[in-house]
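Here's the structure we're looking at; comments come further down.
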Amino acid sequence: RLQLVGITALLVASKYQEIYPPELDDFVQICDDAYSHEEILRMEELMLNTLSFNVTAPSSLGFAQRWLKVVGQSHLLESKCIIEFLLESSLSDFHMIQYL
């Protein structure tokens, strides 16, 4: 059952992170047909319900990326670099937080 939990966690993570996640058939093949489509989907349902669908915490980087997209600056590398620098600096130096 540990393999089922692991393959299901990979499925959930790939659905969340990837633009084109692998298909369910790929995950069945990875575990050498030890589990069926239905078993993986039931475990996915159980896993997400257990987590109350809280698969991530909001972060300042995610907010900054969304904000850049809204204001139309997401294509400018300069804007991205400055924001990422300020965010990373605030992690290591508490005094930098005043610039956020």
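Decide, for region 1-59, between rounded, prolate and oblate: order the square roots of the alpha carbon gyration tensor eigenvalues as a ≥ b ≥ c, take rounded if a/c falls under 1.5, and otherwise choose prolate if a/b is larger than b/c, else oblate.
oblate
For the chain, what does the relative contact order come out to in percent, with C-alpha contacts under 8 Å and a separation of six or more?
18
Give me the number: length gained by fully extending residue 80 to residue 25, i.e. 0.36 nm times residue separation minus the C-alpha to C-alpha distance, one decimal in nm.
Contour length minus Cα-Cα distance gives 16.1 nm.
Top mean-square fluctuation among 28, 55, 71, Gaussian network model of the chain, C-alpha springs under 10 Å?
Among 28, 55, 71, the largest GNM mean-square fluctuation belongs to 71.
Could you provide, to the nearest whole Å², the per residue accessible area of the chain with probe 1.4 Å?
Dividing the accessible area of the chain by its residue count gives 79 Å².
At 1.4 Å probe size, with the rest of the protein present, what percent of the exposed accessible area of region 1-85 is carbon and sulfur atoms? Walk me through the intermediate numbers first.
Details: 3900 of 6580 Å².
It is 59 percent, rounded to a whole number.
Simple spin-label model, 7 Å along Cα-to-Cβ: residue 46 to residue 65 in nm?
Here the modelled spin labels are 3.1 nm apart.
Which of rounded, prolate or oblate describes the chain when judged by the alpha-carbon gyration tensor and an a/c cut-off of 1.5?
Verdict is prolate for the chain.
The values are calculated or read from the model by the stated rules, or taken from the named source; none is laboratory data. The structure displayed is predicted, hence computed values, not measured ones. Every residue, glycine among them, receives a Cβ derived from its backbone with ideal geometry; neighbour counts consider all protein chains shown. The area values use the complete protein model at the heavy-atom level, side chains included, leaving out ligands, DNA and RNA. Shrake-Rupley method; radii C 1.70, N 1.55, O 1.52, S 1.80 Å.
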